[in-house]
Structure formats: structure tokens, C-alpha cells
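I have placed the structure first, in the form of C-alpha cells, so that the comments after it can refer back to it.
The values are calculated or read from the model by the stated rules, or taken from the named source; none is laboratory data. Only a predicted model underlies this, so the values are computations on that prediction, with no experimental measurement involved. All Cβ positions, even for glycine, are placed from backbone atoms using ideal geometry, and neighbour counts span all protein chains on display. In case anyone asks, the SASA skips ligands and DNA or RNA and just uses the protein heavy atoms, side chains included. Shrake-Rupley method; radii C 1.70, N 1.55, O 1.52, S 1.80 Å.
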Amino acid sequence: MKKLVSVLLASSLLLAGCQSGSSSAPAETSQPVTTAAETQKETTKEAEESGGVFTGKAPGFHGDIVVEITVEEDVITDLKVTEHSETENIGEAALPVLAQQALDNQTINVDTVAGATVTSDGFRAALKDAVESAGLDVSKLSQAVAASDGQKEEVTIDTDIVVVGAGGAGLTASLSALQNGAKVVLLEKMSFAGGASSMAGAGTTATGSKWLAEDGVEDSPEKLKADLLENGHNLNHEPTVDIFVNTVGEAFDWLVDPEGANVEYQRPTTSRTYSGVGRGAGVVKTLLAHVEEAGGQVLMSTPATELMVTDGKVTGVKAEGEKEVYTINAKAVILATGGFGANDDLVPEEFQKFVYAGAAGATGDAIEMTKAVDADLINMEFVNVQPNSIVLPSGLGQYCNPGVGGAYKTSGAFMVNEKGERFANEQGGAYELIQAMKGNEASYLILDEASFTAFNEGMKGSKIYTDEDVETWLKNNGSSNPVMVGGDTLEDVAKVLNLPDGALTAAAESYNQAVDAGTDEFGRTLTMKISGDGPYYAVQMWLRYYATLGGLHVNEQMQVLNTSQNPVDGLYAAGEAVGGLEGDIYLGGSLFGWAMTSGYKAGTSVAEAIQ
Ligand SMILES: Cc1cc2nc3c(=O)[nH]c(=O)nc-3n(C[C@H](O)[C@H](O)[C@H](O)COP(=O)(O)OP(=O)(O)OC[C@H]3O[C@@H](n4cnc5c(N)ncnc54)[C@H](O)[C@@H]3O)c2cc1C
């Protein structure tokens, strides 16, 4: 999807000779209006006529970012991102921030927006390209963004509830509290809302909801509880599971009710989950709009830094914005800061050798902040890991399920370890594959031409990468991530990967024999042989982690308990900041479902408690 972002330098800034820090028009976004070729043609024509409109482009996270600048007397007076396909609510949300910063400071050298590093790099490169096309002096336009003078205004806000974190849990908590008559301030530390919720597929558990009953899906809180406990190897915290299974139906009814959160979900379903329209990013966008419409005061780029505690009671939070320092007095605080996957001090060491694929803001701030009230923590040793991942050039983990699924359906494909030996049922349960991969130093997916093509089709179809990426990565020949290697023979591939001589050929032979015999030593149902003719390919597969399963201990009102198991006055929590629901691995749809359910529950019970 191509989109357009536009910012215009305010006339006051122009008249002031472009001093940094002057006010400028707010960023606006709009839907796509032109194709790449049309844009280029139009801007070139415009440039010829006015001599002042120039474009530049550079790769972003998903395809090119195209920037158009209007220049008058060596000043950039207008800056538009005319095309991009950046991730909705993440890179997309960062672009207006970058564009405004560039325009306000008249610089290419804008600060990276946290959580959108690749988009920020792409934007800077595209802007540089445009500046070069305009014949402007790149060095003059490369100064660092002016640092603030360090003086921040002290601001005090009095409210009923302060919610920390504008992901799925914080947004549902805010909206349900607002709808129950409370005054809400919502703090978000990033420049955009959404956290992990924006990155998720938004499959949402709906057990016990009206929709599920109408759609004839048989399910019950008891069945959901049994499935959660079995899936989590009985390592779940049962009281937390009970909160979820007994509230999720009511919460989902509210989520889709036009009088409730009014979020759009796809219907019908044949399982216990429904998918949010526009995935997690779509759900977040709708919720944020509804929180603002309901009168919530949303402060972006404003991390809560500490809890205010008097005589054991939480009375608000301190927070720090770009230009203000806040004291927010509140009758209650809801912590919805997400997980701790981005914080190596909290992620157990055994997981740190895997690749992280979660939100940049998931630094476990609730864990740190609640030390002040001696909060009880549950299951901090559990982190959700998934197989079938590559490492993108940015270093981020990327799931490959669409590629792997296509490959296994199309032709022979199997996985080997660093010894060139198969080690697992590649199509068995994720949990079993994870356990097997944990024992490897490296894991590779081996493909013939047909299965490699199907792998890439799946990935391209999910807009994860392009044909050009595949070409570049194959040329890199395993020297950088993602490791994607091709060769005429299996031994050519094995050589690049440093697998022992003959091991890969032997693995392919025994794999094909298993297809003929109809039995596999790892229990996989094998129907398709790997081709006898090259070329062959290998893609290095990683374990990735992106959600954390431990966190705060709460009671049925979502009130945080301390280590003496007593509720902390005025302190509540929701979402991934709460531990114990899942045990050692999560059940599909239940984490997003938990964010929605626990947020709804926290918002309603806090609004009731403070009345
Ligand atoms: C790639 C990916 C795919 C996923 N897929 C699924 C799936 O298919 N199904 C499923 O059930 N679950 C899935 N999950 C997990 C699920 O999405 C999350 O567990 C859930 O959305 C977490 O919601 P949350 O509101 O608790 O946290 P988040 O959505 O992470 O929101 C927390 C917010 O708090 C902000 N914040 C943190 N600290 C502070 C502070 N000090 N001050 C102010 N703000 C702060 C963060 O910036 C963030 O915006 C996925 C997660 C990821 C990353």
C-alpha cells in the first residue's frame, strides 16, 4: 500500500529565516494519490515550471520511501513523503515526525524515531537524495537537530486515572474508564501509539462472547482454561487464567459493540478467535481515535518515569515530555507498559542468543517502577519463543510462516543443523520444533528450486520482502543477514554454510528414502521429495522472541499485589505487564485477547473503585 505524508513549513518560520524551534504546521497524512511513475513525472514537470520541487528516494522497511521537497531561495519550504509502504502505525507513524523535524530544523540529519530505525534511515537517505537533486549544499543541511536548552516547563495535571502505555491494554483501559465517567490521562513514551499491539496479527480470543455463540462455535471458559493450562505446561498462574476466561466474553462483546469500543473485526469465525480489521495496527488506530473522541488526554513522547507513593498509596506518576516535566496527580494509576523483551537486564540469558522481534518500547518499565511498592512478580523466567524466523538486515527477527508454509506444500524441503543433519519434524508442533532448535548451534531450511520459489512467494505475498531483496541476499552469499545461499549442488550450498562434507547430500537422500517408505524417523508425514537436480538453496532459520510471559501479580480488579500478597492502594495493571496467564508459551490469540480483556477490566473496575 502506497501512502503520502505531507508537512509544510509555517509562514512564521519562513519569515524568521528558518530558526530552529519555530512553530510549523502540523503534520497531516492522506491516502495515496499517485503511482511512482506518475509522481516522478508530475514533480519533474513542476520542477521545470517553478524550478523548486525535487524528489529523492531510498529503501525503507518495505520498499522505497519517496520524498519531495519544495525549495525557495535555498530554504526547504515544503516536504512531502509522496510514497511509502512502511508498516502501519509504526514506520508510517514515524514519517510525519521525521518530516516535521527535518523541516523545522532544515536538516537531513534528523533524529531516529525510536522503534522505527529502518524507516528513519530510509527517510534520511531519501531526503539527502532530494537535497542533492535540488543542488543544495548537503553539508549545510546536515547539522544535528538543535538540542533543547534543557529547561523544561513544570506542569501539574490533576486527573482521576493516569494510564501508562498506549498499546492495546492501555487504550482499552482508557476507553472503558472514560465511558464509565472517569477523567483519563494516557501517557505513551514513543512518538506513536501501539507498542507490540500494532505489530500483532490481532487474532483475539472471544470465548463466551455473543458473536461466538451466534456463529455456532462451541467453546466455554472451562475449555479455554483447560487449553491454556495444557498449552502452557501447567506453568500458568491459575488465578490470572481465571480472570481471563471469566471476563474475555464480556470484554469482546464490548470491543465490537457500536456503543462500546466499536472496533471492526472480521466475521464469521470457525475458531475461538476473531481477527481485527487492519490487524493490530488497525485496532490500535480505532481505539486511539475513540479515546481522543471520548475526551482522553493523550500525551505522546511522554514516558512515565516513576510512581508517586505516599504512605504506601500510589497517588500519581512523574513523567517527562520533550518540553515538559509532569507531575500527574491521580486517584489511580493503570500500568499498561507491555512486556520486557527489549530489556536484556530482564530477559533471561538463555533467550538472548535468539533474535528479538518485538516492540522497541517493551523495556519492562512497569517492573522497574513498581519496585517502589515492592510489587510481586510472576513467571519472569518465561519468554515466548517461536521458530521459523529469519534475521532482517536491520537485525530484527522476522517470522517466515507464510514462506515456510508455501515451501512445504510445494516440493521437498527440510531443516538441518550445523552438522548437516535433520533434527526434527519440521511440520510438527511449534513447541517441539522450538525445543529441537534450542539444541542447535545453527538451523537451516534446505530447499530445491520449486520450494524456494514458493517460500519467496509466500514472503512477498505478505509484503515481508521483495524480489530485489532476494537477489541482494543471494549475492551476499551468507556474509550478512538474512543468510540465504544458493548453489548448483547440495555440496555447493553445504560448503558456504561450513557443513561437514557429504552430510547435506546424505540428509537429502535419507529424506527422499523416507518419502518413498512413507515413514519418517521424526514423525513427519512426507509426501514430496526434494528434487534430484539443482539449484538448491538454504535459508538460516532462527528462534525469535517477541512477547514476554512474566510480570505483575494482580487480583480480580486488576489491582497490583505486593510481595505480601496485599493489593497496593491506587495501583492497577493490564496487558503484557501482567504475568502468569500463559505458562511457558502462549496460546494463539490469547495475548492480544488478554490485552483487550485486561485493559477493559482494569478501566471498568478502576472507574468504579474511584467513584
Ligand atoms: C510481532 C508480534 C506479533 C504478535 N502476534 C500475536 C498474535 O498473533 N496473537 C496474540 O495473541 N498476541 C500476539 N502478540 C503479542 C500481543 O500483541 C501483545 O502481548 C499485546 O498486544 C500487548 O499489549 P500491551 O498493551 O500489553 O502492550 P503493548 O502493545 O506493547 O503496549 C505497551 C505500550 O506502553 C508503552 N510504554 C512502555 N513503557 C512506558 C512508559 N514508561 N511510559 C509511557 N509509555 C510506556 C510502549 O511504548 C507501548 O506503546 C504479538 C506480538 C508481537 C510483537
When residues of region 561-599 are filtered for being closer than 25 Å to residue 371 by Cα and either modelled with pLDDT under 95 or not in a loop (DSSP other than H, G, I, E, B) (or both), how many remain? 18
Output the residue which, of all residues in region 395-417 that are under 17 Å from residue 511 (Cα atoms) and part of a loop (DSSP other than H, G, I, E, B), is least open to solvent (accessible area, probe 1.4 Å). 412
Report whether or not residue 219 is under 28 Å from residue 432 (Cβ atoms) and either open to solvent by less than 30 Å² (accessible area, probe 1.4 Å) or part of a loop (DSSP other than H, G, I, E, B) (or both). yes
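Taking residue 318 as the residue in question, decide whether it is among the basic types (Lys, Arg), over 22 Å from the mean Cα position of the chain (by Cα) and open to solvent by 30 Å² or more (accessible area, probe 1.4 Å).
Working: among the basic types (Lys, Arg): yes; over 22 Å from the mean Cα position of the chain (by Cα): yes; open to solvent by 30 Å² or more (accessible area, probe 1.4 Å): yes.
Yes, satisfied.
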Give me a count of the residues in region 337-358 that are touching a Leu at 6+ places or on another chain (Cβ under 8 Å) and more than 22 Å from residue 398 (Cβ to Cβ). 0
Of residues in region 51-70 being out of contact with any Ser or Thr (no Cβ under 7 Å at 6 or more places or on another chain) and over 23 Å from residue 460 (Cβ atoms), the one most open to solvent (accessible area, probe 1.4 Å): 51
Just to be sure I understand, how many residues within region 157-181 are more than 31 Å from the chain's Cα centre (by Cα) and either within 15 Å of the ligand (Cβ to nearest atom) or not assigned by TED's automatic domain parsing to the domain that holds residue 247 (or both)? 0
Give all pairs with beta carbons closer than 6 Å in which a residue from region 58-69 that is assigned by TED's automatic domain parsing to the domain that holds residue 467 meets a residue that is surrounded by 24 or more Cβ atoms within 10 Å (Cβ to Cβ); count only pairs at least 6 apart in sequence or on separate chains. none
For region 365-379: of the residues being open to solvent by 40 Å² or more (accessible area, probe 1.4 Å) and of a type in the set (A, V, I, L, M), which is farthest from residue 569 (Cα to Cα)? 377
Between a first residue in region 280-293 that is without any contact (Cβ under 8 Å) to a residue 40 or more places away in the chain and a second residue that is open to solvent by 10 Å² or more (accessible area, probe 1.4 Å) and within 13 Å of the ligand (Cβ to nearest atom), which pairs have beta carbons less than 8 Å apart while being 6 or more apart in sequence or on different chains? 292/298
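On the given criteria, is residue 194 under 30 Å from residue 360 (Cα atoms) and either modelled with pLDDT of 95 or more or within 16 Å of the ligand (Cβ to nearest atom) (or both)?
Numbers: under 30 Å from residue 360 (Cα atoms): yes; either modelled with pLDDT of 95 or more or within 16 Å of the ligand (Cβ to nearest atom) (or both): yes.
So residue 194 passes the test.
Go through region 309-323 and give me each residue that's within 14 Å of the ligand (Cβ to nearest atom) and either more than 16 Å from residue 365 (Cβ to Cβ) or not assigned by TED's automatic domain parsing to the domain that holds residue 287 (or both). Outline the logic, then answer.
Step one: list which residues in region 309-323 are within 14 Å of the ligand (Cβ to nearest atom), which gives 316-322.
Result: 322, single match.
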Where residue 360 falls short, out of the listed (1) of a type in the set (A, V, I, L, M); (2) surrounded by fewer than 23 Cβ atoms within 10 Å (Cβ to Cβ); (3) within 9 Å of the ligand (Cβ to nearest atom); (4) at pLDDT 95 or above: (4)
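Take residue 335 and decide whether it is aliphatic (A, V, I, L, M) and surrounded by fewer than 24 Cβ atoms within 10 Å (Cβ to Cβ).
Details: aliphatic (A, V, I, L, M): yes; surrounded by fewer than 24 Cβ atoms within 10 Å (Cβ to Cβ): no.
When the stated conditions are applied, residue 335 does not pass them.
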Taking region 222-245 and the residues there that are within 17 Å of residue 551 (Cβ to Cβ) and not in a helix (DSSP H, G or I), the one that is most open to solvent (accessible area, probe 1.4 Å) would be 235
Could you list all residues from region 296-308 that are surrounded by fewer than 18 Cβ atoms within 10 Å (Cβ to Cβ) and away from the ligand (no atom under 11 Å from the Cβ)? 297
Select from region 590-611 the residues that are farther than 14 Å from residue 196 by Cβ and open to solvent by 10 Å² or more (accessible area, probe 1.4 Å) and write down the one among them that is farthest from the chain's Cα centre (by Cα). 611
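Tell me, yes or no, whether region 520-535 has at least one residue that is within 16 Å of the ligand (Cβ to nearest atom), of a type in the set (Phe, Trp, Tyr), over 25 Å from residue 313 (Cβ atoms) and modelled with pLDDT of 95 or more. Steps first, please.
Taking region 520-535 first, the residues within 16 Å of the ligand (Cβ to nearest atom) are none.
Looking for residues that are within 16 Å of the ligand (Cβ to nearest atom), of a type in the set (Phe, Trp, Tyr), over 25 Å from residue 313 (Cβ atoms) and modelled with pLDDT of 95 or more, one finds none in region 520-535, hence no.
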Residues to consider are 193, 114, 144, 126; find the one that is among the aliphatic types (A, V, I, L, M) and without any contact (Cβ under 8 Å) to a residue 60 or more places away in the chain. 144
Enumeration of residues in region 184-226 that are over 22 Å from residue 272 (Cα atoms) and among the β-branched types (Val, Ile, Thr): 184, 185
